[in-house]
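Here the structure is laid out as structure tokens; the discussion comes afterwards.
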């Protein structure tokens with residue numbers, strides 16, 4: 001499959017997100033129950049969907065890394081988790097703002113949806129200390145992949161558990177017996193979800209391109225300066241093979 | 001709970017969208033700073049390549065290639081090579 005260039009991808013992302021937000025504020029009706037505050041839904045839910053889907057994508061790349069040993073899959077898993085954690089921060093902050101406006105509290109601890117998402121988020125937040133606590137790069141990549149697969153299994157489990165739980169306050173919008181959203185809201189929501197998915201993939205490509213450029217730059221510098229060089233900008237673990245002597 | 005009036009709800013909605021925008025902008029700014037560093041290092045390497053004595057200096061037909069490399073062609077060539085280095089991606 002051929003992807004558009006990163007620049008075209010970014011332009012499409014901005015256009016779709018802008019169109020989605022325009023639909024939210026000028027096309028989708030206000031919610032009968034919550035009123036204008038429900039507009040946060042079109043931001044909060046697509047962010048959450050993309051963050052959770054990103055964790056699953058990371059798990060798939062981690063499986064491919066363990067099967068093939070190709071470091072590019074490890075890099076993709078790392079970047080997927082990185083972006084999904086950033087999206088997770090946005091989910092938690094926008095969710096808290098919505099909760100404050102809607103329920104009068106910033107956080108509700110007895111609500112399974114909120115707490116389970118927080119658990120998943122904190123689980124993935126431990127990915128970085130785990131990864132960089134290991135010095136050997138091959139072991140680091142292998143252990144990080146195992147972590148990404150194990151943590152990725154929690155995502156669907158978490159989703160099923162939350163759906164099965166008897167929610168106290170957090171609404172269920174999709175596939176409910178009450179009928180869910182009206183068509184105009186669906187259109188706006190789908191546009192925002194598409195825009196957010198494009199944003200996630202665009203940022204993943206952006207970060208991967210930057211990492212590839214940085215890695216090639218390090219190789220070029222080593223080739224020109226000799227083996228005594230230690231890559232200053234890359235996050236190479238101390239004691240990594242062939243560069244250990246110079247640290 | 002009844003719906004908040006528009007002037008009250010508007011503040012929360014604006015705050016949520018501004019937080020999202022700020023996060024994306026912060027991320028892009030950090031990445032832009034990284035790319036600037038890469039660009040600066042590439043310039044340093046081009047200078048280094050220019051200063052480095054060439055073993056084949058003076059050989060016939062090598063001047064054009066050497067000039068191109070010194071102007072950044074070395075980096076450009078490496079960057080074009082698909083999958084040339086994946087060892088330090090993370």
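Each value in this text was obtained by applying a stated rule to the coordinates, not by laboratory testing. Nothing here was measured: the structure is a model prediction, and the numbers come from that model. Because the Cβ atoms are built from the backbone with ideal geometry, glycine has one as well, and the counts that use them run over all protein chains shown.
Counting Cβ atoms of other protein chains within 10 Å of each residue's Cβ and taking the mean over peptide A:35-44 gives 6.
Counting only other chain Cβ atoms within 10 Å of each residue's Cβ, the peptide A:95-103 averages 4.
Length gained on full extension, residue A:68 to residue A:11: 17.1 nm, using 0.36 nm per residue less the C-alpha separation. Mean per-residue shielding of peptide A:206-216 is 6, counting Cβ atoms of other chains within 10 Å of each Cβ. For the range A:60-209, the relative contact order works out to 30 percent when only alpha carbon pairs closer than 8 Å and six or more residues apart are counted. The fewest-to-most ranking of A:119, A:37 by surrounding Cβ atoms within 10 Å reads A:119, A:37.
Average 1/r across all pairs of distinct alpha carbons in the range A:8-217, invert it, and you get the Kirkwood radius: 18.5 Å.
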